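Asks: One structure, pasted below without further comment.
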Amino acid sequence: MSPVAVVPAIRCTGLVKRYRDVTAVAGLDLEVRAGECFGLLGPNGAGKTTTVEMLEGLAAPDDGDIEILGMRWPEHEHALRERLGVALQETRLADRLTVTEVLRLFRSFYPRGHTVEEVLAVVALEEKRDAWVEKLSGGQRQRLALACALVGTPDVLFLDEPTTGLDPQSRRQVWEIVARFTRGGGTVVLTTHYMEEAERLCDRVAVMDHGRILALGSPRELIASLGADEVVEFALAGGAPAPVEAELVALAGVRAVRRDGPRYRMTVDEVHRAVPGLLALLQRRGVEMTELVTHHATLEDLFLSLTGRHLRDA
Amino acid sequence: MGEYLRPLMELTLARLREQLRQPEVLFWVFAFPLLLAVALGVAFRNRPPSPIRIAVAAEPGSRAAADSVGALLAGTPRLAVAVLPASQAAERLRQGSVALVVVPGNPVVYRWDSTRADSRTARLVTDDALQSALGRKSVRAVADRTVMARGSRYIDFLIPGLLGMDLMGTGMWGLGYAVVDARKRRLMKRLLASPMRRSQYLLSFVLARLALLGPEVMVLIGFAMLAFGVPMRGSLAGFAVVAVIGALCFAGLGLLTASRARTVEMVSGLMNLVMMPMWVLSGVFFSSANFPAAMQPFIKALPLTALNDALRGIMLDGASLAALAGPVAICVAWGVVSLAVALKIFRWV
Ligand SMILES: Nc1ncnc2c1ncn2[C@@H]1O[C@H](COP(=O)(O)OP(=O)(O)O)[C@@H](O)[C@H]1O
Ligand SMILES: [Mg+2]
């Protein structure tokens, strides 16, 4: 490996941002490698937007140090802005400008970059080139925002919740565009509260909550850190005395158990041994099961095991 | 240089396109001042003086005397004479539908209400007509000229004021609303995340404002000159300079009111607070000379007063720019100071 390759695209240490009575970001250290897709995964209010806006030079940190592509805010502001692409969370770029007009405007800010035609093709909006922005669907608007971020051929792309509120098909289109950018050697920092998005797109993920990083690694490593591959969720009918957590953990193949009223969630190594054991135990007790689901462990399960809360409704 | 100008041009174009594609903007900028000019022009058009109504009272049994007085007065310009039974004439006077009642006899009695202006006029006109009809001669020949000259009618006073008010409204609303809207929907932040320069952003608003100024002024002034014959006595170049300075002055004020506000409600409130006193005080619809002398220095220092004075000076009095240095300097000062403060306190993100 050449020494150049290990110079990080982004490095920040001890990043802090406070608003009146909340500490939005509470001492964050991050390194994003050149050419990787890095995800900040966390529920609403975790501090993701605050973090990326500090990295983008749009908010000043109260404390800490940021270095991007070997440069710093605010000394190298103009040079940095020419090399970064940004899509903010929830921006209405225009109402009554056409797609082409918006792209021509953004293209005019950069000394080099794609032509409007090229970038229209990248985000597959050729057919909408003359439509007013207010007439676009949510997915089309998001692709236009991506096009504006890409038109200056950036080295680093920041995407804040690029697929929030989009339907599954639009979401996959956005993923495709981002994946193509990283395949071309670009560096991406994206925030999301969708664990599928982080698992699909990101080389590495930082799981965030309350302005801190709880876990950091590739999606595979993070899930493996749960020590189990599968999750078994079930619910019991009332009446007979329900089993306690200790009894369930004692079953063969079960790693951990979490109970929330009548609902249980077990992380397990081997579903084929854990489930028969569970059924046998319930039968002996005469307890009836009302629901049973098993699935591969995900980042959602990791978040749950770290915080006791779900990503979506935290 | 081109590197700086291209984004500036694109930003200006984007701003103009967004404005021109909104029917409500077109209405407020172009149609509303015209409608106001037409409405006020019609309401206050100069009419020929209306006749004064008087009655001749016919006491029971002396109808003939009343008729002869009526005949003497009939045909007097500006008098409409009716011969009525005495009781009816008295009632009409009470109701105000006649200004004076003539009671024939010796002496002839004029019955009228000295607090009514039309009665006082009727007294003079009637007596003059009656005495002349009975043979009194004028000692010296006189002639009447009622004033309807271009340049001194209400509409002539009104149009420059409307233009000033329009320049204020468009400048403040055009900039203030757009800035706050861009801030609220995070477009401003998104633009700042690109290599765009802040000065390009702000200048684009000013350029877009100036681009609309030409058509806006020409529509109103062109209409007023054609439809009402409002004069343009000074030089067109001087007029253009004053209009541009006025527009820039209020663009600066608009930027200042929008420099911190995060919501449209907030900026609308601030703008109304700034504009309301000027609508009343700055001589748009009636002369600001109507306000007490103690208020005059304050009123004169308001930017809209200065702009209206300058516009009237050029259009109605044919004044040169040099002669209008005072009001023009006031506009420039307001513009420069607001812009400087706005830049200092502007909320970019
Ligand atoms: N401008 C602000 N003023 C006050 N509090 C803020 C502001 N922006 C964010 N916060 C608070 O900081 C925390 C983190 O917010 P944010 O970074 O937007 O989280 P996320 O993007 O992960 O949803 C939240 O508690 C939020 O309420
Ligand atoms: Mg956010």
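Taken together, the values in this text are just the output of simple stated rules run on the coordinates, not laboratory data. Please read all numbers here as calculations on a predicted model, not as lab measurements. Virtual Cβ from ideal backbone geometry, glycine too; neighbours counted across all protein chains shown.
Asks: Roughly how large, in nm² to one decimal, is the mean projection of the convex hull of the alpha-carbon atoms in the protein assembly as shown?
Replies: On the way: hull surface 200.8 nm².
With every direction weighted equally, the projected area is 50.2 nm².
Asks: A further question follows. Is any residue of region B:6-33 close enough, with backbone N under 14 Å, to a label point placed 7 angstrom from the Cα of residue A:134 along the Cα-Cβ axis, and if so, which?
Replies: B:17-27
Asks: Set the Förster radius R0 to 22 Å, insert the Cβ-Cβ distance between residue A:225 and residue A:269 as r into 1/(1 + (r/R0)^6), and round the FRET efficiency to 0.05. Could you put the intermediate results ahead of the total?
Replies: On the way: r = 14 Å, r/R0 = 0.64.
According to the calculation, E is roughly 0.95.
Asks: Residues of region B:1-43 with the amide nitrogen closer than 19 Å to a label point 7 Å from the Cα of residue B:290, along Cα-to-Cβ, please.
Replies: From region B:1-43, the list is B:36-43.
Asks: If all Cα-Cα distances of chain B are sorted into 20 Å bins from 0 onward, what percent lands in each bin, rounded to whole numbers?
Replies: Going from the shortest bin to the longest, the percentages are 25, 37, 22, 13, 3, 0.
Asks: Let me check I've understood the local charge: for residue A:298, count other residues with C-beta under 13 angstrom from its C-beta, Lys and Arg +1, Asp and Glu -1. What total comes out?
Replies: On the way: positive: A:200, A:220, A:265, A:312; negative: A:196, A:197, A:199, A:229, A:230, A:233, A:300, A:301.
Local net charge: -4.
Asks: Shape call for region B:52-147 from the C-alpha gyration tensor, a ≥ b ≥ c root eigenvalues: rounded (a/c under 1.5), prolate (a/b greater than b/c) or oblate? Please report the intermediate quantities before stating the final value.
Replies: Details: a/c = 2.12, a/b = 1.32, b/c = 1.60.
Verdict is oblate for region B:52-147.
Asks: Residue by residue, what Karplus-based ³J(HN,Hα) values in Hz, rounded to whole numbers, does region A:214-222 have, using 6.51, -1.76 and 1.60 with θ = phi - 60° and x for Gly and Pro?
Replies: Those phi angles translate into 8, 7, 9, x, 6, x, 4, 4, 5 Hz.
Asks: I want the antiparallel fraction of DSSP beta bridges within the protein assembly as shown, as a percent rounded to 5.
Replies: On the way: 43 of 71 bridges.
In the protein assembly as shown, approximately 60 percent of DSSP beta bridges are antiparallel ones.
Asks: I would also like to ask the following. Using packing as a proxy for protection, rank B:248-259, B:327-338, B:15-26, A:268-279 so that the peptide with the highest average count of other Cβ atoms within 10 Å comes first. Please list the in-between numbers first.
Replies: Working: B:248-259: 26.5, B:327-338: 19.2, B:15-26: 15.2, A:268-279: 16.7.
Ranked from most to least packed, the peptides come out as B:248-259, B:327-338, A:268-279, B:15-26.
Asks: Quick one: which residues, 5 or more positions from residue B:79 or on another chain, have an amide H under 5 Å from its amide H? H modelled 1.01 Å from N in the peptide plane, none for Pro or chain starts.
Replies: Amide H neighbours of residue B:79, under 5 Å, 5+ apart: B:52.
Asks: May I pose another question? Using every Cα-Cα pair within region A:10-223, state what percent have a distance larger than 29 Å.
Replies: Everything past 29 Å amounts to 23 percent.
Asks: Averaging the inverse of every distinct alpha carbon separation and then flipping it gives the Kirkwood radius. What is it for region B:154-345, in angstrom units?
Replies: Values: mean 1/r = 0.0582 Å⁻¹.
It is 17.2 Å.
Asks: Does anyone have the angle between helix B:198-228 and the longest principal axis of chain B? Alpha-carbon axes, 0 to 90°, nearest 10?
Replies: The angle comes out at about 20 degrees.
Asks: Can you tell me how much longer the chain between residue B:244 and residue B:88 gets when fully stretched, taken as 0.36 nm per residue apart minus their C-alpha distance, in nm with one decimal? Intermediate results must be reported in sequence, preceding the final value.
Replies: Values: separation 156, 0.36 × 156 = 56.16 nm, distance 6.34 nm.
Additional length available on full extension: 49.8 nm.
Asks: What is the average number of partner chain Cβ atoms found within 10 Å of a Cβ in A:83-90? The partial results should precede the final answer.
Replies: On the way: counts 1, 3, 2, 5, 2, 5, 1, 2.
For peptide A:83-90, the averaged partner shielding equals 3.
Asks: Is region A:158-238 rounded, prolate or oblate when judged by the Cα gyration tensor, a ≥ b ≥ c being the square roots of its eigenvalues, rounded requiring a/c under 1.5 and prolate requiring a/b larger than b/c? If you can, show how the numbers build up before the last one.
Replies: Details: a/c = 1.97, a/b = 1.51, b/c = 1.31.
Note, shape of region A:158-238 comes out prolate.
Asks: Separate question: Each residue of region B:258-274 in order: what ³J(HN,Hα) in whole Hz does its phi give by Karplus 6.51 cos²θ - 1.76 cosθ + 1.60, θ = phi - 60°, with x for Gly and Pro?
Replies: Residue by residue, region B:258-274 yields 8, 6, 10, 4, 9, 10, 5, 4, 4, 6, 5, x, 4, 5, 4, 4, 6 Hz.
Asks: Under the rule of -39500 (n - 2.57) per DSSP H run of 4 or more residues, summed and divided by the residues of the protein assembly as shown, what mean residue ellipticity at 222 nm is obtained, to the nearest 500 deg cm²/dmol? Could the numbers behind the result be given before it?
Replies: On the way: 25 runs with 323 residues, N = 663.
Mean residue ellipticity, 222 nm, calculated: -15500 deg cm²/dmol.
Asks: Put a dot 7 Å past each Cα toward the Cβ at residue A:246 and residue B:39; how far apart are the dots in nm?
Replies: The modelled label-to-label distance comes out at 8.4 nm.
Asks: Quick one: angle between helix B:32-43 and the longest Cα principal axis of chain B, in degrees between 0 and 90, rounded to 10, please.
Replies: That works out to roughly 10 degrees.
Asks: Still on this structure, please answer the following. Residue by residue through region A:24-35, which ³J(HN,Hα) values in whole Hz follow from phi under the Karplus form 6.51 cos²θ - 1.76 cosθ + 1.60 (θ = phi - 60°), with glycine and proline marked x?
Replies: Computed from phi, the couplings for region A:24-35 are 6, 10, 10, x, 10, 10, 9, 9, 10, 7, 4, x Hz.
Asks: Right, something else. Is there a simple number for the mean count of other chain Cβ atoms within 10 Å of the Cβ of residues in B:8-21, and what is it?
Replies: Numbers: counts 1, 2, 8, 3, 0, 5, 9, 1, 0, 5, 6, 1, 1, 5.
If you average over the peptide's residues, the count of other-chain Cβ atoms is 3.
Asks: At a 10 angstrom cut-off on C-beta neighbours, averaged per residue, how do the peptides A:236-247, A:191-202, B:131-142 rank from highest to lowest? Don't skip to the end; give the middle numbers.
Replies: Details: A:236-247: 12.6, A:191-202: 22.2, B:131-142: 8.5.
Those peptides, ordered most packed to least, come out A:191-202, A:236-247, B:131-142.
Asks: Something else about it: How big, in percent, is the set of alpha carbon pairs in region A:227-296 lying more than 21 Å apart? It would help to have the intermediate numbers written out before the result.
Replies: On the way: 304 of 2415 pairs.
Here the long-distance tail beyond 21 Å is 13 percent of all Cα pairs in region A:227-296.
Asks: Determine the sum of side-chain charges near residue B:262: Lys and Arg each +1, Asp and Glu each -1, restricted to other residues whose C-beta is under 9 angstrom from that of residue B:262.
Replies: With Lys, Arg at +1 and Asp, Glu at -1, the neighbours total +4.
Asks: If we sort B:108-118, B:157-167 on the protection proxy, mean other Cβ atoms within 10 Å, highest first, what's the order? Please report the intermediate quantities before stating the final value.
Replies: On the way: B:108-118: 13.5, B:157-167: 24.9.
For the peptides B:108-118, B:157-167, the packing ranking is B:157-167, B:108-118.
Asks: Right, another one. Counting only other residues whose beta carbon sits under 11 Å from that of residue B:197, what net charge do I get with K and R as +1, D and E as -1? Walk me through the intermediate numbers first.
Replies: Details: positive: A:81, B:198; negative: A:77, B:3.
Net charge in that neighbourhood comes out at 0.
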